[in-house]
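The values are calculated or read from the model by the stated rules, or taken from the named source; none is laboratory data. Everything numeric here is computed off the predicted structure, so don't read it as measured data. Cβ atoms come from the backbone with ideal geometry, glycine included; neighbour counts cover every protein chain shown. Only protein heavy atoms, including side chains, enter the accessible area calculation; ligands, DNA and RNA are left aside. Shrake-Rupley method; radii C 1.70, N 1.55, O 1.52, S 1.80 Å.
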Amino acid sequence: MPFMMSTRALARLDQAALRAAGHRSSAGRPSRIGGAAAPYAVFATAGYARARLRHVLRLRQWVSVISRADDLHPLFEGALSPAIRLQIPAGAVSREFLAAYDSTRRFALSPIAPCLQCGAHVPTVCINNLADYGDWLRGAQDLTESPFYRTSPAHHGDCPLPRQPLTT
């Protein structure tokens with residue numbers, strides 16, 4: 001039976017991610033967010049997206065992960081499947097992620113957070129493991145943007161970000 005995490009358990013998850021990022025950094029290994037480690041799949045179902053999030057964040061099977069179709073983020077022409085919004089509920093707090101294929105047909109998992117320009121909740125970076133999530137939490141600058149970060153229709157109409165050139 002799925003179990004909703006407590007706020008304390010969610011804080012422990014965040015601390016584990018920060019420790020993993022710290023260990024990777026102290027070992028001199030760079031983050032590879034959005035790198036070649038991203039998995040390929042024939043199609044993404046809600047079950048596959050939940051399983052990927054569990055694997056990436058090392059979540060126990062009893063932790064509840066809620067999934068629903070994300071109609072807000074249109075995918076590229078010929079997309080294999082719709083975007084899926086994932087949520088880890090923890091009392092009054094939760095973590096949300098967008099699971100979708102990018103334009104190279106690679107499965108991308110991105111934390112959803114407020115845009116620094118307009119405050120709208122948008123996909124941020126691609127994460128492939130717990131250390132990537134920890135790097136995102138600590139605001140590391142060498143992270144690869146989610147393919148939907150700048151193009152998200154969730155940005156407010158006056159947000160300058162969608163009109164800025166993509167970074168490499």
Residues of the range 134-152 classified as over 19 Å from Ala83 (Cβ atoms), outside any helix (DSSP H, G or I) and small (Gly, Ala, Ser), total: 2
Within the range 101-157, considering residues that are under 19 Å from Asp70 (Cα atoms), among the small types (Gly, Ala, Ser) and within 13 Å of the chain's Cα centre (by Cα), the one surrounded by the fewest Cβ atoms within 10 Å (Cβ to Cβ): Ala113
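Among the residues of the range 94-133, write down those that are assigned to a strand (DSSP E or B) and hydrophobic (A, V, I, L, M, F, W, C).
Kept after step one, since they are assigned to a strand (DSSP E or B), are these residues of the range 94-133: 94-101, 107-114, 121-123, 125.
Residues satisfying the conditions are Phe97, Leu98, Ala99, Ala100, Phe107, Ala108, Leu109, Ile112, Ala113, Val122, Val125.
Output the residues belonging to the range 9-24 that are without any contact (Cβ under 8 Å) to a residue 40 or more places away in the chain and either more than 15 Å from Pro89 (Cβ to Cβ) or in contact with a Ser or Thr (Cβ under 9 Å, 6 or more places away or on another chain) (or both). Give the derivation first.
Just the residues of the range 9-24 that are without any contact (Cβ under 8 Å) to a residue 40 or more places away in the chain, to begin with: 11-12, 15.
Result: Arg12, Gln15.
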Residue match in the range 43-58 (condition: closer than 21 Å to Asn129 by Cβ, open to solvent by 30 Å² or more (accessible area, probe 1.4 Å), in a loop (DSSP other than H, G, I, E, B) and at pLDDT 90 or above): yes
Members of the range 17-42 that are of a type in the set (A, V, I, L, M, F, W, C) and at pLDDT 50 or above: Ala17, Leu18, Ala20, Ala21, Ala27
